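A.B. asks: Please find one structure pasted underneath; my questions will follow.
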Amino acid sequence: MSKSTKSTTKLIYKPDTQSTDEYILFVNPEEYIKYSKDGGSIPIVEVVDSFDIFYSNQGNQGKLGKASKQQLENVFGTAKDIDVAEFMLKNGVMQHAERIGAGDTAHINLSR
C-alpha cells in the first residue's frame, strides 16, 4: 500500500498589480478547487492548510515571512486570520498545483 502524501499549493494575493508585494496562504489544492466551484460550501478548515498568512515583498522569488498584524490590517482591513483567509480564497490566484490524481485537472497560473 502506498503512503499518502498531503499536497499544498500557494494561493497568492497581490494588493497592487504594479507591486512585488504578495500575500500567501497555503491551501489543499483539491479542496480549494471544490471550494471555488461550490461557492464556498466546503468548511474553510478543510481548504486552508494553515491560517498563517505569509508575505514577500520580492514576488515569488523572495523569502517568505509571516505577515504582521499591521500589514494584514492595512491590506485586508482586519488582522483576524479567518477573515483574511476567506478574502484570499475569494480573491487570490493559485500559483502552482501538484498532481491531484489520475485524470484530474487543476487551474494553474502559468504566468508565474
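The values are calculated or read from the model by the stated rules, or taken from the named source; none is laboratory data. This structure is a prediction, so every number in the text was calculated from the model and none was measured. Because the Cβ atoms are built from the backbone with ideal geometry, glycine has one as well, and the counts that use them run over all protein chains shown.
A.B. asks: What are the residues in region 14-33 that are among the polar types (S, T, N, Q) and surrounded by fewer than 14 Cβ atoms within 10 Å (Cβ to Cβ), if any?
C.D. replies: Residues satisfying the conditions are THR17, GLN18, SER19, THR20.
A.B. asks: Tally up the residues in region 34-55 that are buried (at least 21 other Cβ atoms within 10 Å of the Cβ) and aliphatic (A, V, I, L, M), please.
C.D. replies: Result for region 34-55: 3.
A.B. asks: Filter region 68-95 down to the residues that are closer than 13 Å to ILE12 by Cα and either of a type in the set (A, V, I, L, M, F, W, C) or free of Cβ contacts under 8 Å to residues at least 40 places away in the same chain (or both) and list them by number.
C.D. replies: Matches in region 68-95: VAL84, ALA85, PHE87, MET88, LEU89, VAL93, MET94.
A.B. asks: When you scan region 1-89 for helices (runs of 4 or more DSSP H) that lie fully inside it, which ones turn up with 1 or more residues that are under 13 Å from the mean Cα position of the chain (by Cα) and modelled with pLDDT of 90 or more?
C.D. replies: Correct list: 29-37, 44-47.
A.B. asks: So, one more: Kindly indicate the residue of region 90-112 that is under 17 Å from ASP16 (Cα atoms), out of contact with any Ser or Thr (no Cβ under 9 Å at 6 or more places or on another chain) and part of a loop (DSSP other than H, G, I, E, B) and also modelled with the highest pLDDT among those meeting that condition.
C.D. replies: GLY92
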